[in-house]
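Asker: Below you'll find the structure I mean.
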Amino acid sequence: MANQAIILMAGRSSRLKSVMKDPKSLMPLGEKKLIDIQLDYLFRLGVKKIILILGYKKRRIISYLQKKYPDKKFIFIYNKKWNKASNLVSLLEAKSFLKKESLIINCDVLFPFELIKKISSLRPQGAILAVQKKSCGNEEMKFMLDEKKKRMVMLTKKMPCQKADGEFMGISYISKNFGSALVEIFSHIPYKMFKDNFYEWGFQIVSQFTKLPLQAMEATHLPIIEIDFPKDYDQAKKITLPKVNALNKINGCF
């Protein structure tokens, strides 16, 4: 069972500026903010250490969380390059914590408790990534499996849509060996060579160098949405959130 989680929440969410001014993590969904839903899951799992990688409006986020959860202790890490680099740089800001098994969570994903409970109960050799098998567009983080359909051999947005097996949904669980290798490998690569790449690209590099597997955990049956655009936010409120709440209630979570 995972004892620590890293939530990536440094981005500006510029594509949602027409519907919100706050960071993505503070978007209202029903009676809660999106970050509240994710944190409730982690508290319920008994995750002891929660690391939050901040950037855009960091003080707004810190203030909200300290008032909302006065009895909880969070580790706040500020990525000074949040507006000049991609989320791989944000993840590497947590390098002192990556040498332990870690849940890695994108802050803009709405999902049910069942997903985080299942993935955190597994023991990753390398990295386990929650995925949905479906048709994808250009914006999705797409993956391709090997011939045995067990391990990922490609993980990128740039993959031709027709070759993709589906979408990585932004929740992963990495082993201490995988996290240590991530830190070690990118400590030897010039910053300018990876600053514009997503951490999923970094995962693929680590897997290729170390042979530690990228394993897919299928979650096609679960209601999950990554909220990037106003239409995603609308769908999350009207369709995904009711399904998530219903599933959580059925499973006796909340």
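Asker: Would you mention how many residues in region 12-55 are among the aromatic types (F, W, Y) and either surrounded by fewer than 21 Cβ atoms within 10 Å (Cβ to Cβ) or in contact with a Lys or Arg (Cβ under 6 Å, 6 or more places away or on another chain) (or both)?
Answerer: 1
Asker: Given (1) farther than 21 Å from K49 by Cβ; (2) modelled with pLDDT of 95 or more; (3) of a type in the set (S, T, N, Q), identify the lone condition not met by N197.
Answerer: It fails just one condition, (2).
Asker: Does M9 meet the test of being in contact with a helix residue (DSSP H, G or I) (Cβ under 9 Å, 6 or more places away or on another chain) and surrounded by 22 or more Cβ atoms within 10 Å (Cβ to Cβ)?
Answerer: Working: in contact with a helix residue (DSSP H, G or I) (Cβ under 9 Å, 6 or more places away or on another chain): yes; surrounded by 22 or more Cβ atoms within 10 Å (Cβ to Cβ): yes.
Judged against the criteria, M9 is a match.
Asker: Right, here's the next one. Can you give me the number of residues within region 89-113 that are in contact with a Cys (Cβ under 9 Å, 6 or more places away or on another chain) and surrounded by fewer than 19 Cβ atoms within 10 Å (Cβ to Cβ)?
Answerer: 0
Asker: Residue check: is S102 within 18 Å of S13 (Cβ to Cβ), among the hydroxyl-bearing types (S, T, Y) and under 16 Å from the mean Cα position of the chain (by Cα)?
Answerer: No: the conditions fail for S102.
Asker: Still on this structure: Among the residues of region 59-68, write down those that are surrounded by 14 or more Cβ atoms within 10 Å (Cβ to Cβ) and free of Cβ contacts under 8 Å to residues at least 40 places away in the same chain.
Answerer: Matches in region 59-68: R60, I62, Y64, L65.
Asker: Shifting gears a bit: Restricting to region 183-232, name every residue that is free of Cβ contacts under 8 Å to residues at least 40 places away in the same chain, farther than 29 Å from K80 by Cβ and either acidic (D, E) or not in a loop (DSSP other than H, G, I, E, B) (or both).
Answerer: Result: Q208, K231.
Asker: Let me ask another. I'd like to verify a number: residues in region 114-131 that are surrounded by 20 or more Cβ atoms within 10 Å (Cβ to Cβ) and over 14 Å from the mean Cα position of the chain (by Cα), how many?
Answerer: 2
Asker: Let me ask you something else. Here is a check on your reading of the model: is S86 within 17 Å of the chain's Cα centre (by Cα), buried (at least 21 other Cβ atoms within 10 Å of the Cβ) and hydroxyl-bearing (S, T, Y)?
Answerer: no
Asker: Hey, another quick one. Give all pairs with beta carbons closer than 8 Å in which a residue from region 97-121 that is within 25 Å of M27 (Cα to Cα) meets a residue that is of a type in the set (D, E) and in a loop (DSSP other than H, G, I, E, B); count only pairs at least 6 apart in sequence or on separate chains.
Answerer: D108/D228
Asker: When you look at G30, is it in contact with a helix residue (DSSP H, G or I) (Cβ under 8 Å, 6 or more places away or on another chain), of a type outside the set (F, W, Y) and under 12 Å from C107 (Cβ atoms), yes or no?
Answerer: Here the answer is no, as G30 does not meet what is asked.
Asker: I want to confirm something. Restricting to region 238-252 and keeping residues that are surrounded by 12 or more Cβ atoms within 10 Å (Cβ to Cβ) and among the hydrophobic types (A, V, I, L, M, F, W, C), which single residue is farthest from the chain's Cα centre (by Cα)?
Answerer: It comes out as A246.
Condition check ((1) farther than 21 Å from N197 by Cβ; (2) not polar (S, T, N, Q)) across all residues:
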site	(1), (2)
I53	no, yes
Y69	yes, yes
N87	no, no
S90	no, no
L110	yes, yes
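Asker: Let me ask something else about it. Could you list, in sequence order, the residues of region 137-182 that are assigned to a helix (DSSP H, G or I) and either at pLDDT below 95 or surrounded by fewer than 23 Cβ atoms within 10 Å (Cβ to Cβ) (or both)?
Answerer: C161, Q162, K163, K176, N177, S180, A181, listed by residue number.
The values are calculated or read from the model by the stated rules, or taken from the named source; none is laboratory data. Not measured: the values here are computed from a predicted model. Reconstructed Cβ throughout: ideal geometry from the backbone, glycine too, with neighbour counts over all protein chains shown.
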